[in-house]
Structures are given as C-alpha cells and as structure tokens.
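Student: Here it is: the structure, laid out below.
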Amino acid sequence: LYIALVIPRSCVFGRNSELRAYFAGRPAAAAYVQQWSGIGTGLLTIAALTPDCHRVELVDENSEPVDFDKPYDLVGITAMTQQATRAYQIADQFRQRGVRVVVGGIHATALPEEAKLHADSVVVGEAEYTWPELLADIAGGKLREFYRSPRPVDLEDSPMPRYDLLAERSTPVVWLQTSRGCPHDCEFCAASRLLGVKYRQKPAAQTIAELRHLAERLGRFRLHFADDNLFANPKHWRPVLEQLSELNLRWWASTDISVAEDDAFLRLLAKSGCTSLFLGLESPDQEALRGIDGRNWKSRRAARYAEYIGRIQSNGIGVHGAFIAGLDSDDASVFGRLIDFVESNQLYATQLTALTPFPATRLRTRLLREDRILDTDWEDYTAWDVNFTPKNMTAEELQKGILTVYGHVTSREFLLRNMRHFTEIHKALMREALP
Ligand code: B12
Ligand code: SF4
C-alpha cells in the first residue's frame, strides 16, 4: 500500500486577534513557537508499526500542502482537538477521490463516533496492537469501523519511532517519549483520558537506544521529552541521564514539582543538559488548587512552590511555570497575583492558558451539566481561547486578563531582569565548580 500519514495544520497563540497582535514580532513569541512546534512521535510510531512492504510518506501540513492528487491507497490522519475540523476536511477530500481514510489520536479517541462520520475506520486509543491488525484486515478486505486497543500498551512493545522521517526535514525540536500515563488525573487533563493514570515506562535501554540513534542521525539537536510527567519514577533515570550527559544535548521536559525534593537529582539533571522544566503549577492560590486532582496532590504542595522553584533554579535549571486561568475560584484579581508570583519567584518562563474543556475530560462533563460551555467550534480549542463561562468573572475578563499577564511577563523590563537573575545564578555555579 502507498500510505500517507497526515498532520493537519495547527496554531500557537490561538485565534484571539488581540493576543495574536500582541505577540506578533515580539522576541518572546519565538520562544513559544519553538516550544510548541515539531512533530510528535504518534505518526512516527505508526510508520514504525507499518511493515516494510508498504510505502509510507509523512505529510505535515504546517510545513507543506497536502497533495490530494497523489495515488495514495490509504491515508492516516492524527488530530488534537484544535486540528479536528481540518482533519475532517482532509479526510472528506480524500474519500471523495475514493481513497480510504483512517483517523486516530487524542480527539478521535475522545469522540470516535464523530470521527467515524469522516473516516472509513477510527483507531481509538493507543495503536501499537491495533494498527498491524488494521493493515492485515485491509489486505483481507474486511476493514472494521473501529479498532480499540485491547489493553494499555506495554511500552516494551512500542517500536522505535521512524525518526528517519524527521531527518528529511528541518525541525526546531525533536520530541521523544519515554513513558505514558500520569498518576495525578487532573479534572481538566485530556492526556490522562487517553493514556490512563497508570504510569508505564519504556525500559531504560530502549530510551538510551533511541537517544543514541537520534544523535547518530541528527548530530546536535534540541530535545523535548513528550512525557506528561517525566520523573514520576526518578530511580529509573540514572542510566539515561548518564547517557544524556555523554551526548551533550540541551533538553526540556514536563514533570511534577516533586522533582525539587532531591538536590542530588537536580544536579544530575543540570549536568545532563536539562535547561528548563515545565511544571504544571496551575495557580498561585492554594485554594484554587483544591479539588483539581482527586488526592489534592497539587494543593498540598502549593505552600512550598516558592521554595521548590528556588531549589530548581539555583541549580541552573529554569522553571517554565504553566498556569491555568479561569478555575472556579478565580475572579479577576487572580491576574495580579499571578504577575506577583512570577515576578517574586523570578520564573524563567511562564505559560498561562485558559481552562479548556477538552472532550472526554471530567471538566467538560461538569461544565456541560452546569450549562457553561459557550463554544464547540473545535478550532477554538487552542487553550489560548476562552470557550466556557467562568464562575467568578466574564469570559471577556478572562481573555483580557490572560493578555494582561503576558504583557508583564514578556515585557522587555521583565526579560532583562530575568536575564540578570540567571546570569548571577550561573556565575555562582561556576564559582562553586572551581577547584
Ligand atoms: C508532543 C506534543 C505536541 C507537539 C506535537 C503534537 C502531537 N499531537 O503529537 C506540538 C508541539 C505540535 C504540540 C502542540 C500543542 N499541543 Co500538544 N502535546 C504533545 C504531547 C506532550 C505528546 C504527544 C506525543 O508525541 N505522544 C506520543 C505518541 C506516541 O502518542 P500519540 O500522539 O497519542 O499517538 C498514539 C495514539 O494516539 C495513536 N495515534 C495518534 N495519531 C494517530 C493517527 C492514526 C491514523 C492512528 C492509526 C493512530 C494514531 O497511535 C500512537 C501510538 O499509540 C501531548 C501529551 C500526550 N501525552 O499526549 C500533548 C497534547 C497532545 N497537546 C495538547 C495541546 C492542547 C497542545 C496545544 C494545542 C496547546 C498548547 N500546549 O499550547 C499546542 C498547539 C500549538 C501548535 N503548534 O499547534 C493536548 C491535546 C488535548 C486535545 N484534546 O486537543 C495534549 C494531550 C496535552 C494535554 N495534557 O492535554 N503538542
Ligand atoms: S499533572 Fe499534568 S499530565 Fe498529570 S494529570 Fe494533571 S494535567 Fe495531566
């Protein structure tokens, strides 16, 4: 079969014209765009699961147009929610030309019946066990409408993604996944609906093999881990970190704040090339964090946020704080507290997004029940656009408040102050390292 694996176009900064205008041409914008660009390992894994007898082509609509006239036999499309509408347009066009279409990924997993309206078949959930079966069914002329993973994938069974498909294009960052699942199960989290709360890891040797393979093929590159919570099991990491130190890469990852509890581990991270950690801090207010996750894990740590951030940053690792505005206890005064928090902790970088009721989340179920969903145009599900009624402010106040915060934390004065702060930290670390 001649197979196209397609990534529909998507956008950073959402569709809100004021936010887009604010970021246009700003130096801080480039950092956000770099952060949220590149190719995830989903379709690279599907390509790796495809036997060699088939010909696979990767099409990323963010960098090249989709050619509807190529003689593909099968088109596989992935989509996050903000890409779903475009994914369906692409699917419809191929099907009008008689090409078979399969849709998979996080949005199709959340809403398989909707995806089926535009596809011959929908792969629900992880595809390691189902994609080979689907290809065999096509050969046997009995393609099913839905393929559901029979069980959570043992990551030992997940093949090395086809990173060679990246080598053909210039990508600002390379994503690599070592684990799936996150034990915290936050109310708004879309990933834990797809991947579950059970934390599953690739064997360390498998991750090391992927890193070595990438280094051989690409030389130096910027590495982003695609895990939701990279250090949920830090013990596993020592051999991988040693390998990373040897490869001399610069890398970024998302993890929970418990990483700050072990100073020796933080030193190891810094030595292995970790430049910053993306931490879901969610809110500067302890009260707002209550009930976000079932065990109140985040709210129980909130009182120590400042101490933990200080520990991480004093090791030369920037904290990239991720916050969500529009939580039920937030009123319009939260934006001022957010600015104070970011300034007083000298956060290396800040991401503030609007609470977003992604499909299949517990948050969406609750807001539907409370009749608070304003917008179901999937192209607005960017996390930067407001599409629900907040409890203690208006949707407009929320959208404007987000812009106000960015106005401070990406201002020239703030960035200069930050640069001076990190220069001091690096000088202190150099002095310590001197014999
Ligand atoms: C890497 C990543 C990105 C990359 C690549 C996108 C991608 N979808 O891969 C980039 C940087 C582009 C990105 C951007 C954004 N992201 Co993102 N991203 C991720 C992340 C961290 C890992 C994805 C990954 O590589 N997984 C590893 C692979 C192996 O898993 P997978 O993609 O799920 O694929 C498996 C199955 O789903 C299936 N499958 C997937 N596609 C297909 C297709 C077919 C045909 C088949 C058969 C099977 C199949 O097979 C694979 C193997 O089992 C996820 C978190 C997560 N854990 O999923 C968030 C996540 C996908 N992102 C999310 C969001 C919201 C965004 C943004 C829209 C917002 C933001 N953060 O600012 C931005 C948009 C900016 C932009 N430039 O467009 C949300 C999506 C929620 C939703 N319902 O839409 C997630 C789930 C994070 C979260 N916690 O909520 N992201
Ligand atoms: S901590 Fe992050 S990845 Fe884990 S459940 Fe919460 S939002 Fe999802």
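Student: What Kirkwood radius, in Å to one decimal, follows from the Cα pairs of region 319-395?
Tutor: Result for region 319-395, one decimal place: 13.4 Å.
Student: Calculate the FRET efficiency for D164 and K198 from the Cβ-Cβ distance with a Förster distance of 30 Å, rounded to the nearest 0.05.
Tutor: Calculated value: 0.45.
Student: Among I373, I425, I309, I39, rank each residue by its count of other Cβ atoms within 10 Å, from fewest to most, as a rough exposure measure.
Tutor: Final ranking by Cβ density, sparse to dense: I373, I425, I39, I309.
Student: For region 37-100 and region 284-308, write down the distance between their C-alpha centroids in whole Å.
Tutor: Each part reduced to its Cα centre gives a spacing of 40 Å.
Student: Got a sec? How would S254, S333, S149 order by Cβ neighbour count within 10 Å, fewest to most?
Tutor: Ordered by Cβ neighbours within 10 Å, fewest first: S333, S149, S254.
Student: Here's something else I'd like to know. Quick query: amide H of R222 versus all other amide H atoms, modeled in the peptide plane; which residues come in under 5 Å with a sequence gap of 5 or more or a different chain?
Tutor: Those qualifying (amide H under 5 Å, at least 5 residues apart or on another chain) are V174.
Student: List the trypsin sites (Lys or Arg not before Pro) in region 204-269 that DSSP assigns to loop (not H, G, I, E or B) and whose Cβ has at most 14 other Cβ atoms within 10 Å. Which are they?
Tutor: Passing sites in region 204-269 are R220.
Student: Under Stokes-Einstein, with the Kirkwood radius over Cα pairs standing in for Rh, what whole-number D in µm²/s applies to region 289-435 at 10 °C and 1.306 mPa s?
Tutor: Once the numbers are plugged in, D ends up at 93 µm²/s.
Student: Which of K198/K400; K70/K202; K70/K116; K142/K202; K116/K400; K198/K391 have a Cα-Cα distance over 27 Å?
Tutor: Over 27 Å apart, Cα to Cα: K198/K400; K70/K202; K142/K202; K116/K400; K198/K391.
Student: Let me ask another. Return the ratio Rg/(2.2 N^0.38 Å) for region 221-318, where Rg is computed over Cα atoms only.
Tutor: That ratio works out to 1.11.
Student: Let me ask something additional. Taking only the C-alpha atoms, wrap a convex hull around the chain and report its volume per residue in Å³ as a whole number.
Tutor: Spelled out: Cα convex hull of the chain, divided by residues, is 144 Å³.
Student: Continuing with this model, one more query. Ranking R200, R417 by Cβ neighbours within 10 Å, fewest first, what do you get?
Tutor: R417, R200
Student: Right, something else. So what J values fall out for region 39-50 if you push phi through Karplus, 6.51 cos²θ - 1.76 cosθ + 1.60 with θ = phi - 60°, rounded to Hz, Gly and Pro as x?
Tutor: Rounded to whole hertz, the list is 10, x, 8, x, 6, 5, 6, 4, 4, 5, 7, 8.
Student: Taking the dipole about the Cα centre of the chain, with the C-beta of Lys and Arg at +1 and of Asp and Glu at -1, give me whichever of H421, T130, P27 is farthest to the positive side.
Tutor: Ranked along the dipole, the leading option is H421.
Student: Let me make sure I get this right: for region 363-435, a, b and c are the square roots of the gyration tensor eigenvalues over alpha carbons, sorted descending. Under 1.5 in a/c it's rounded, otherwise prolate if a/b > b/c, else oblate. Which is it?
Tutor: Since a/c reaches 1.5 and a/b is larger than b/c, the shape of region 363-435 is classed as prolate.
Student: Calculate the tail of P(r) for region 149-197: the fraction of all Cα-Cα distances greater than 14 Å, expressed in %.
Tutor: The answer is 64 percent, as a whole percent.
Student: Antiparallel versus total DSSP beta bridges in the chain: what percent is that, nearest 5?
Tutor: Roughly 5 percent of the DSSP beta bridges within the chain come out antiparallel.
Student: Residues with amide H under 5 Å of D60's amide H, sequence separation 5 or more or different chain, H placed in the peptide plane at 1.01 Å from N; which?
Tutor: Those lying under 5 Å, H to H, from D60 are I7.
Student: Can you list, by residue number, the Cys in the chain that have no neighbouring cysteine C-beta under 4.7 Å?
Tutor: Lacking a cysteine Cβ partner under 4.7 Å: C11, C53, C182, C274.
Student: Skipping prolines and chain starts, which residues have an amide H placed within reach, meaning under 5 Å, of the one on Q177, given they are 5 or more residues away or on another chain?
Tutor: A226
Student: Where the only charges are on Cβ atoms (+1 Lys, Arg; -1 Asp, Glu), what is the dipole of the chain about its Cα centre, to the nearest 20 debye?
Tutor: 800
Student: Would you mind giving the average projected area, over all directions, of the Cα convex hull of region 1-145 in nm² with one decimal?
Tutor: Across all orientations, region 1-145 yields a mean hull projection of 9.3 nm².
Student: So, with +1 on the Cβ of K and R and -1 on the Cβ of D and E, and no other charges, what is the size of the charge dipole of region 293-370 about its Cα centre, to the nearest 20 debye?
Tutor: 460
Student: Here's a follow-up. Residue-wise, which Karplus ³J(HN,Hα) couplings in Hz belong to region 108-124, taking 6.51 cos²θ - 1.76 cosθ + 1.60, θ = phi - 60°, and x for glycine or proline?
Tutor: Each residue of region 108-124 in turn: 5, 5, 6, 10, x, 5, 4, 4, 5, 4, 10, 9, 6, 8, 10, 9, 9 Hz.
Student: Looking at the square roots a ≥ b ≥ c of the eigenvalues of the Cα gyration tensor of region 201-260, which shape do they give, rounded for a/c under 1.5, prolate if a/b is larger than b/c, or oblate?
Tutor: Verdict is prolate for region 201-260.
Student: A follow-up question, please. Of all the Cα-Cα pairs you can form in region 118-157, what percent are over 11 Å apart?
Tutor: 63
Since every read-out is calculated from the coordinates, none of them should be taken as a lab result. Predicted model, so just to flag it, every value in this text is computed and none were measured. Here Cβ is always computed from backbone atoms with ideal geometry, including for glycine, and neighbour counts include all displayed protein chains.
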